[in-house]
1. Which numbered condition trips up VAL178, out of (1) over 16 Å from the mean Cα position of the chain (by Cα); (2) surrounded by fewer than 22 Cβ atoms within 10 Å (Cβ to Cβ)?
2. Within the stretch 224-258, restricting attention to residues that are out of contact with any Leu (no Cβ under 8 Å at 6 or more places or on another chain) and among the hydroxyl-bearing types (Ser, Thr, Tyr), which residue is modelled with the highest pLDDT?
3. Quick one: in the stretch 155-175, of everything that is out of contact with any helix residue (DSSP H, G or I) (no Cβ under 6 Å at 6 or more places or on another chain), part of a strand (DSSP E or B) and of a type in the set (A, V, I, L, M, F, W, C), which residue is farthest from ASP122 (Cα to Cα)?
4. Which one is farthest from VAL222 (Cα to Cα), of the residues in the stretch 114-142 that are among the small types (Gly, Ala, Ser) and in contact (Cβ under 8 Å) with a residue 40 or more places away in the chain?
5. ASP194 - would you say it is without any contact (Cβ under 8 Å) to a residue 12 or more places away in the chain and either within 27 Å of PRO65 (Cβ to Cβ) or more than 17 Å from the chain's Cα centre (by Cα) (or both)?
6. Do you know which residues across the stretch 76-116 are basic (Lys, Arg), modelled with pLDDT of 95 or more and either surrounded by fewer than 20 Cβ atoms within 10 Å (Cβ to Cβ) or over 20 Å from THR31 (Cα atoms) (or both)?
7. How many residues does the stretch 176-194 contain that are part of a loop (DSSP other than H, G, I, E, B) and touching a strand residue (DSSP E or B) at 6+ places or on another chain (Cβ under 9 Å)?
8. Just wondering, is there one or more residues in the stretch 124-139 that are modelled with pLDDT under 95, surrounded by fewer than 21 Cβ atoms within 10 Å (Cβ to Cβ) and not in a strand (DSSP E or B)?
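The values are calculated or read from the model by the stated rules, or taken from the named source; none is laboratory data. Keep in mind that what you see is a predicted model, and the values were worked out from it rather than measured. Every residue, glycine among them, receives a Cβ derived from its backbone with ideal geometry; neighbour counts consider all protein chains shown.
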Amino acid sequence: MKVVVILVGVVIALIAIGWVGLQIKPSSFATFPQRASKLETVPLPKGLPAPVERFYRQVYGESVPVITSAVITGRASMRPFGPITLPARFRFTHEAGKGYRHYIEATFFGIPVMKVNEHYLDGKGRLELPFGVEEGEKINQGGNLGMWAVSSWFPSIYLTDPRVRWEPVDDVTALLVVPFGDQQERYVVRFDPDTGLFTWFESMRYHGETSQLKTLWLNQSVKWGTLDGSSPLGDRPFPTVGAVIWMDDGKPWAVLTIEDVVYNVDVKDYIRARGQ
């Protein structure tokens, strides 16, 4: 009986220690060393679908910035292994509309325990995880959708890239059509009827290279705010918290909080590096 009590006590202690370790957030990545100067702008295009025009007028006004690159840094909570949620930190590096590199560190007691290197470059995707590497046509499709979804953190690209177009649906919904090689992909974009800001990007994406069918993939803008003057866009509305959901799971796989964004910096070499 005494042994059982001791074992139960050890299990409870280990669970308590594990719980504490999962509550400790990692420190943020160091601020990206380059900072952008004032951004060039172009006039807001005419003839946009009603909810799209309303959105851009709120976020940018009559002129939209021309963004060629972005480095997005923040912290997150993620579920890489099902029910267990791990704290994490991330840095997403994008050459706007062309490719990206995503680096993520999941942590325990603030210490990295899993590192993810993911990129979509030259039309090819590659996902490097501790338990293997995924590549192939379905990874390419997912990488392309991921690139355009993350571009919602610099949504002027949806107006300034001539390959992208908006199509009307109704007063609170529009279709966003983006390129995928010589093909096209579509998002259903939903806007909040009260604020006019977008809330959901919905698309059909493969889970992985072995997936037989596509699954509804949801990108939710959970919270809008500002970046406290750290952005060259000033205090314009910005989607500060986002969530990623697979419909067959039904709850966020990741919740990402943006802490810093820099635009139009030189990422030619950095985007092809590994790690932070």
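1. (2)
2. THR257
3. VAL169
4. This residue is GLY136.
5. When the stated conditions are applied, ASP194 passes them.
6. Selection gives LYS98 alone.
7. 1
8. Scanning the stretch 124-139 turns up at least one residue that is modelled with pLDDT under 95, surrounded by fewer than 21 Cβ atoms within 10 Å (Cβ to Cβ) and not in a strand (DSSP E or B).
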